Amino acid sequence: MRNLSKPLCVALLMVGSMVASQQIAVAAPQFDSARIKGPNACAECHVELAKAWKGSRHAKSFSELPSSDKALAIAKKLNIKKIKTAKLCGSCHTTHQAWGDILLPIAGVSCESCHNPAADWIKVHNSYSGKKSNTESMQEAISRWQTAEAKGMIRPYAIRSWTRRCYECHVIDDEKLINQGGHPDDRRFELVAWSQGEVRHNLWYNRGLANPPADGDLLRKMFVTGLVLELEMSLRALAKARASGPYASRLAERIVASRKKIELLAGAFPGIPEMQTVANAVTSELLIFDNQIPLLAAADRVAELMEAMDLKDEIGEFERMDRFLPKPAAYRGQVFQPTIKAPATAGPAAK
């Protein structure tokens, strides 16, 4: 790859005339609020998980954000009167539920922010096929989970799906929010470090008795998926840049940094050939203004390559990847640890 530093500087000093008719997808999650059940519906069964969530910034932001000096300063610059009800803030900071024609903010970032609105699948996923957990057959459990997924549930094993939800918010794609509002750009976000701290809730299959980190194989898959998704979503966000400023410059820097990490990993693991192809999809020519179509095409190509990646570690080769992963000391926030025994609730084939 060519040295990006010079083209990058040139690009960020340019002010290109953007094509007004170009339609670019918004990254922030777009939910059907009429299908939102709310975290209390999940907490009826997921007692310990709800406790873990309530101690996280995801949950606390609902009450703390409206009185935060930093948030209020950003809102003032953007002429936002009510943070909880402003779409620009709420799309990533709150869970909204539809009450007729009214969208009511009911919680911070919560269960359905990652697992999808639950109205269509909540009674399917917890039904045990109309039986008790210990009498449901393996085939019935498999069928139940397949039905829940078909109705929209994003399950924990679907790493690429729920990880995308993370990056839809942790790669900000609203230029005004950063350039005018001064909102942080979230370049510090890294999937493993931020998911294994206070956000960690590996309690269900441990029957509420422990909250261990994800196993090594899962952490490696999360690490690779996070790197590639960060690159893809940053490319999509840069395609929306309309002026020189912090938004464009920070995104370009993030793209360069992500690309370098991916290339480093590609060199260490030739068994994942798509990694080098992902790195090759990003060239210096992309990082200019008025370049929406090539940027989006590159993002689409990165997404296709990620779907094609086979991250099955047949011979234990990927254990060498651990030296690239964040160490536990870098995990964000205090990990929740249960103090009481929760009832045994896991059925067969639930994972």
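Each reported figure results from applying straightforward, stated rules to the coordinates on display, with no laboratory input. The structure presented is a predicted model; accordingly, all values stated were derived computationally and were not measured. FYI the Cβ positions are ideal-geometry reconstructions off the backbone, even for glycines, and counts take in every protein chain you see.
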Fill in: Alpha-carbon centroids, the range 104-177 and the range 39-58: separation in whole Å
14 Å
Discussion item. From the mean inverse distance of alpha carbon pairs (Kirkwood) and the Cα radius of gyration, derive Rg over Rh for the range 227-271.
Written reply: 1.09
Worksheet, complete the sentence: Taking R0 as 22 Å and r as the Cβ-Cβ distance between Q180 and K260, the FRET efficiency 1/(1 + (r/R0)^6), rounded to the nearest 0.05, comes to 0.15
Discussion item. Can you tell me the length gained on complete extension of the stretch S129 to S63, counting 0.36 nm per residue apart and subtracting the Cα distance?
Written reply: 20.0 nm
Fill in: Angstrom value of the Kirkwood radius, inverse mean 1/r, which spans all Cα pairs in the chain
21.8 Å
Item to complete: Using θ = phi - 60° and the Karplus relation 6.51 cos²θ - 1.76 cosθ + 1.60, list the HN-Hα couplings for the range 187-193 in order, rounded to whole Hz, with x at every Gly or Pro.
Response: 5, 6, 4, 9, 4, 5, 4
Response to the item:
Largest fluctuation, S133, S113, S258 only, Gaussian network model of the chain with Cα springs under 10 angstrom, belongs to S133
Worksheet item: Which residues' amide hydrogens lie under 5 Å from the amide hydrogen of Q97, considering only partners 5 or more residues apart or on another chain, with H built in the peptide plane?
Response: L104, I106
Discussion item. Output the 0 to 90 degree angle, nearest 10, between the alpha-carbon long axis of helix 246-268 and the longest principal axis computed from the alpha carbons of the chain.
Written reply: 70 degrees
Worksheet item: Which of the aspartates and glutamates could a cross-linker bridge to K84, judged by Cα under 15 Å and excluding same-chain residues fewer than eight apart?
Response: E64, D69
Fill in: Mean Cβ neighbour count within 10 Å, used as a protection proxy, ranking 333-339, 174-180, 250-256 highest first
250-256, 174-180, 333-339
Worksheet item: Which order do peptides 156-168, 275-287, 226-238 fall in by mean Cβ count within 10 Å, highest first?
Response: 226-238, 275-287, 156-168
Worksheet, complete the sentence: Honestly the range 30-113 on the Cα gyration tensor test (a ≥ b ≥ c root eigenvalues; a/c under 1.5 rounded, otherwise a/b vs b/c for prolate or oblate) is just oblate
Worksheet entry | Nearest 10 degrees, 0 to 90: helix 216-238 Cα axis against the chain principal axis | 40 degrees
Practice prompt. Take the Cα gyration tensor of the range 200-351, multiply each eigenvalue by 5, square-root it, and list the three semi-axes largest first, rounded to whole angstrom.
Written response: 35, 19, 15
